[in-house]
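Novice: Below is one structure. I have some questions about it.
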Amino acid sequence: MSAGEIREGGMFAFVAELFGKSREVRDLDRCLHQMGLNSHAVNDATKFTICKWIREIVPAQQTVEAKDQQRADLQRAAGELLAYCVLGRGDFADANSPELAEAQEARILEATEGQNDFDAGVIMLALHANIADPDIAARVEIESE
């Protein structure tokens, strides 16, 4: 990998290529794929940040099984919401179900009302990475003002 490629892809891409993606990031990639989103549509920095937040949320004093289950649940939730934010309501509903799309709408509403910091963070990551569906980005911007 040349210096130009490092600058072009960013340091996160370089580290991911050099050492490979962590199990957590691969699991998140799988979840995004299951939701109908190509995982390459989300930059590695966004995925690394979500995985870091999940590690910080899960209490260390739990059993290994409980930690693994909570991490899996949070990855699934993050993957669903991130895919919804990127795909938009229509494409997400087509790839999944109208009921799951409606559940993501409720999560966005709760997050914009300050009721769920984790979800708000996932939404903000999609907005700041400039990968959010334009309709969702415009609506969330209006709701957050």
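Novice: Being surrounded by 16 or more Cβ atoms within 10 Å (Cβ to Cβ) and within 15 Å of the chain's Cα centre (by Cα) is the requirement here; does residue 132 meet it?
Specialist: Criteria met by residue 132.
Novice: Taking region 29-45, which residues are out of contact with any Asp or Glu (no Cβ under 7 Å at 6 or more places or on another chain) and crowded, with 18+ Cβ neighbours inside 10 Å?
Specialist: Those that are out of contact with any Asp or Glu (no Cβ under 7 Å at 6 or more places or on another chain) and crowded, with 18+ Cβ neighbours inside 10 Å: 29, 31, 32, 37, 42, 44.
Listed here are the residues, each with its yes/no results for (1) more than 24 Å from residue 30 (Cβ to Cβ); (2) surrounded by 12 or more Cβ atoms within 10 Å (Cβ to Cβ); (3) of a type in the set (S, T, N, Q); (4) under 13 Å from the mean Cα position of the chain (by Cα).
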| residue | (1), (2), (3), (4) |
| --- | --- |
| 84 | no, yes, no, yes |
| 91 | no, yes, no, no |
| 110 | yes, yes, no, no |
| 137 | yes, yes, no, no |
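Novice: Can you pull out every residue in region 91-124 that is among the hydrophobic types (A, V, I, L, M, F, W, C) and more than 14 Å from residue 80 (Cα to Cα)?
Specialist: Listed by number, the residues that qualify are 109, 111, 124.
Novice: Could you tell me which of the residues 101, 95, 78 is surrounded by 19 or more Cβ atoms within 10 Å (Cβ to Cβ), at pLDDT 95 or above and under 17 Å from residue 41 (Cβ atoms)?
Specialist: The match here is 78.
The values are calculated or read from the model by the stated rules, or taken from the named source; none is laboratory data. It should be emphasised that the depicted structure is a prediction, and the values quoted were computed from it without experimental measurement. When we count neighbours, we look across all protein chains shown, and the Cβ atoms used for this are built from the backbone with ideal geometry, even at glycine.
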